[in-house]
Amino acid sequence: MALSPATGETIPWKLVKVDEEKNRIYLSAGQVGCAVPSVVHLQEKPSEIVIAVSGAPSSASGPCTAQKVSLVGYVQLSGPVAGRRIVGNAA
């Protein structure tokens, strides 16, 4: 998953796993309406980790596709989770 500043339509995500050894947070997100998950936004603070998933329309020109798109991946933290809360647009 790509990391970038928050843009596009916000899509709810679900926490899959926290890997304390590799400092990774695994999550999944699924298509909402016409918005397909494509970008994960990560902001690390001393007391919390803020995660947001955003996406773009599945089709720029025309109706939405009937195919549901899901995204599963992880974000790499710069340091350990160390008791920080994981927050954001979780489902």
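All of the numbers you see were taken from the coordinates with simple rules; none came from a lab. Bear in mind the structure is a predicted one, so any value in this text is a computation, not a measurement. Neighbour counts run over all protein chains shown; Cβ positions are idealised from the backbone, glycine included.
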Within 13 Å, Cβ to Cβ, of A90, how many net charges do the neighbouring residues add up to if Lys/Arg are +1 and Asp/Glu are -1? +1
Which ³J(HN,Hα) values, rounded to whole Hz and listed in residue order, are derived for the stretch 80-89 from phi using the Karplus coefficients 6.51, -1.76 and 1.60 in 6.51 cos²θ - 1.76 cosθ + 1.60 with θ = phi - 60°, glycine and proline given as x? x, 4, 6, x, 5, 6, 9, 10, x, 8
Given 0.36 nm per residue, what is the gain on full extension from E21 to E48 after removing their alpha carbon distance, in nm? 7.9 nm
Karplus-derived HN-Hα couplings along the stretch 18-29 (A = 6.51, B = -1.76, C = 1.60, θ = phi - 60°), whole Hz, x at Gly and Pro: 10, 9, 5, 6, 9, 6, 10, 10, 8, 8, 9, 8
Long-range HN-HN contacts of V69 with modeled amide H, under 5 Å: Q31
Non-local residues with an amide H under 5 Å from the amide H of G88, with H modelled 1.01 Å from N and Pro and chain starts lacking one, are I51
